[in-house]
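The values are calculated or read from the model by the stated rules, or taken from the named source; none is laboratory data. Values in this document were obtained by computation on a predicted structure and should not be read as measured data. Ideal geometry is used to build each Cβ from the backbone, glycine not excepted, and the neighbour counts take in all protein chains shown. Note: areas computed on protein heavy atoms with side chains; ligands, DNA, RNA excluded. Shrake-Rupley method; radii C 1.70, N 1.55, O 1.52, S 1.80 Å.
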Number of protein chains: 2
Amino acid sequence: MKKVPVGVSARHIHLSQEHIEILFGKGYELKVLKDLSQPGQYAAEETVAVVGPKGRFDKVRILGPARSKTQLEISRTDSYALGIPAPVRESGDIAGTPGVKIIGPAGEVEIEEGVIVAARHIHFHTEDAKKWGIEDKQKLRVRVIGERPLIFEDVIARVSDQFALDMHIDTDEANAAGVKNGGEAIILDE
Amino acid sequence: MKKVPVGVSARHIHLSQEHIEILFGKGYELKVLKDLSQPGQYAAEETVAVVGPKGRFDKVRILGPARSKTQLEISRTDSYALGIPAPVRESGDIAGTPGVKIIGPAGEVEIEEGVIVAARHIHFHTEDAKKWGIEDKQKLRVRVIGERPLIFEDVIARVSDQFALDMHIDTDEANAAGVKNGGEAIILDE
């Protein structure tokens, strides 16, 4: 049985080094609060505020390290609260997505694009993927074992020797399934 | 193909006549704002505030007519915002569920129980159910055709000659599927 741990992604933001310095000051470096399941990735101690036309969130967790482009990942519920019509996209695929205003202790920045609802996906280490016959970008059907069982379709496989086995869903998806961080999912065979 | 329209239930409340009179005044009658898909059911013009230990919602829509027992139906997301650990239950099955404070223009009431996350379900008119070989309380697997396709399992069939064909899911479930009110679902055969 192809069992995968479930990681629930709450709203969070990835920042470019340029934006980190605008928001927190010249030469600023993020502090590690907690390591994440993917090697080298971490939740930072720092948070920022994000502001949309209809609402704002005051403490959005920054995930580090810095990336080449700033990207805010929210749930569909969050998108209604902010008034930002974020599309469902894979991480990094931000061309043509809406922007948002970001406020830090040292300054603020308005990004032109970068707000997405992250498409659900599973990170596979190359060895896990090989063992199970799964290829990068393959779309999978995955049953999540929660209080309200369901099968997610179109779950994107992402394979790399830099990844650790983990399924990433957002809070809407987790709540719909009645599953929490650390829950369990099964990849179905057809 | 067993096609069913999707109705997305936002948070709402059903009130007993006794509670309507406490909240809105002696002899008060709800005003119809809009008829709902189920015969005789309507969204009322009136709203109430509901207050939990962690948060409140100021404009919760009342659905009429009055019921024998007051029942607040929220999403899991809402339950975290209110700080009320509502269980997933079928409508009417409120024994042992948490309570909530309800505030209206003429008074307020604290119910001892009645806050639930409604279990997803499909209303079938008796004739629809007979045609498709579906029985009351049967658990179904249902694919929802949205931006993010998924299959809900354990969808409860509710059959009555008072019902009109409609699948009811909450906002978390709708957002996880990327479907809106008036969307489409297909009952799967096994």
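For the reader, a short list of remarks on this structure follows.
- Eligible aspartates and glutamates near B:Lys54 by straight Cα distance, threshold 13 Å, same-chain separation 8 or greater: B:Asp78
- Label separation (A:Lys54 vs B:Asp189): 4.1 nm, computed from points 7 Å beyond Cα along the C-beta direction.
- Length gained when the stretch B:Glu18-B:Asp161 is fully extended (0.36 nm per residue, less Cα-Cα span): 48.6 nm
- For the stretch B:69-190, alpha-carbon Rg and Dmax in angstrom: 16.1, 51
- On the beta carbon distance between A:Lys26 and A:Asn181, with R0 = 51 Å, the FRET formula returns roughly 0.90.
- Karplus (6.51, -1.76, 1.60) ³J(HN,Hα), θ = phi - 60°, over the stretch B:2-13, in Hz, Gly and Pro reported as x: 8, 8, 9, x, 9, x, 9, 8, 6, 4, 7, 9
- Estimated vicinal HN-Hα couplings, Hz - the stretch A:163-178 in sequence order (Karplus 6.51, -1.76, 1.60; Gly, Pro = x): 9, 10, 4, 6, 9, 10, 10, 8, 5, 4, 5, 5, 5, 5, 8, x
- Exposure ranking of A:Val48, A:Val88 by accessible area [1.4 Å probe, largest first]: A:Val88, A:Val48
- Looking at chain A, the accessible area is 46 square angstrom per residue; that uses a 1.4 Å probe and ignores ligands, DNA and RNA.
- For the protein assembly as shown: rounded, prolate or oblate by the Cα gyration tensor [a/c cutoff 1.5]: oblate
- Chain pair A, B: total accessible area buried, heavy atoms, 1.4 Å probe, Å²: 2100
- Label geometry 7 Å along the beta-carbon vector: B:Gln17 inter-copy distances in nm: 7.3
- In the context of the full protein assembly, A:Thr47 retains an accessible surface of approximately 40 Å², using a probe radius of 1.4 Å and ignoring ligands and nucleic acids.
- Kirkwood hydrodynamic radius of the stretch A:1-120, Cα pairs, Å: 14.6
- Each residue of the stretch B:110-121 is assigned a 3J(HN,Hα), and the resulting list reads 10, 8, 7, 8, x, 9, 9, 9, 5, 5, 4, 7 Hz, derived from the Karplus form 6.51 cos²θ - 1.76 cosθ + 1.60 (θ = phi - 60°), x at Gly and Pro.
- Each of A:Gln41 and A:Ile134 was given a label point 7 Å from its Cα along the Cα-to-Cβ line. The distance between the two points is 1.4 nm.
- Placing one equal scatterer on every Cα of the stretch B:88-160 and applying the Debye formula, the log10 ratio I(q)/I(0) at q = 0.16, 0.17, 0.24, 0.26 Å⁻¹ is -0.74, -0.78, -1.04, -1.12.
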